[in-house]
């Protein structure tokens with residue numbers, strides 16, 4: 001990937017990186033997923049722990065093993081801002097699929113990414129994933145929500 005010569009080109013390259021991310025998760029391709037992260041990355045994933053600086057290979061493999069077959073992974077309402085060698089995105093993402101325990105997964109979550117252009121490739125340097133929490137005293141995750149617009 002070449003160094004972008006314009007903001008439009010940078011946006012196009014970042015969108016391609018997001019598509020690569022989506023495709024790699026869909027295929028459960030651990031090396032491809034991990035290759036999109038910079039060496040120094042701050043990560044706030046949906047799964048424990050509360051924070052981590054490195055996604056151990058074992059954690060990604062373990063998550064992928066909880067699915068039978070491919071994982072449905074959809075990115076919607078992607079907004080993107082680039083400035084020089086930095087890019088910020090936010091989106092509503094959906095995970096679907098059959099789990100190895102026989103359950104079906106189908107939920108939406110929020111994701112924010114910060115990417116940096118490193119050695120001519122956009123790499124994720126910060127990721128934050130979250131699910132809203134019901135503040136009705138139950139403190140349970142609002143896994144039943146859907147986007148108001150799927151644009």
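Using only the alpha-carbon atoms, how far is helix 7-27 inclined from the longest principal axis of the chain? Give it as 0 to 90 degrees, nearest 10.
The two axes meet at around 40 degrees.
With the contact rule set at Cα under 8 Å and sequence spacing of 6 or more, what percent relative contact order holds for the chain?
Values: 264 pairs, mean separation 33.3, N = 151.
The normalised contact order for the chain reaches 22 percent.
Taking springs between alpha-carbon atoms closer than 10 angstrom, which of 95, 25, 118 fluctuates most in the Gaussian network model of the chain?
Of the options given, 118 has the highest mean-square fluctuation.
Using a 10 angstrom cutoff on alpha carbons, build the Gaussian network for the chain and name the most mobile of 66, 105, 138.
138
Given the options 139, 128, 120, state which has the largest fluctuation in a GNM of the chain using a 10 Å cut-off (strictly under) for Cα springs.
Maximum fluctuation in the GNM of the chain, among the listed residues, is at 139.
Pull out the extension gain between residue 79 and residue 146, defined as 0.36 nm times the separation in residues minus the alpha carbon to alpha carbon distance; nm, one decimal. Could you put the intermediate results ahead of the total?
Details: separation 67, 0.36 × 67 = 24.12 nm, distance 1.77 nm.
Taking residue 79 through residue 146 to full extension adds about 22.4 nm, to one decimal.
For region 7-130, take the convex hull of the Cα atoms, compute a quarter of its surface area, and give me that in nm², please.
Details: hull surface 28.6 nm².
Its average projected convex-hull area is 7.2 nm².
Please report how far the C-alpha centroid of region 92-141 lies from that of region 9-40, rounded to the nearest whole angstrom.
So the two Cα centres are separated by 14 Å.
Which FRET efficiency, nearest 0.05, do residue 104 and residue 136 yield, Cβ-Cβ r, R0 30 Å? Each step should come with its number before you reach the end.
Working: r = 26 Å, r/R0 = 0.85.
After rounding to 0.05, the efficiency reads 0.75.
All of the numbers you see were taken from the coordinates with simple rules; none came from a lab. For clarity, every value in this text was computed on a predicted model and none was experimentally measured. All Cβ positions, glycine included, derive from the backbone under ideal geometry; neighbour counts span all protein chains shown.
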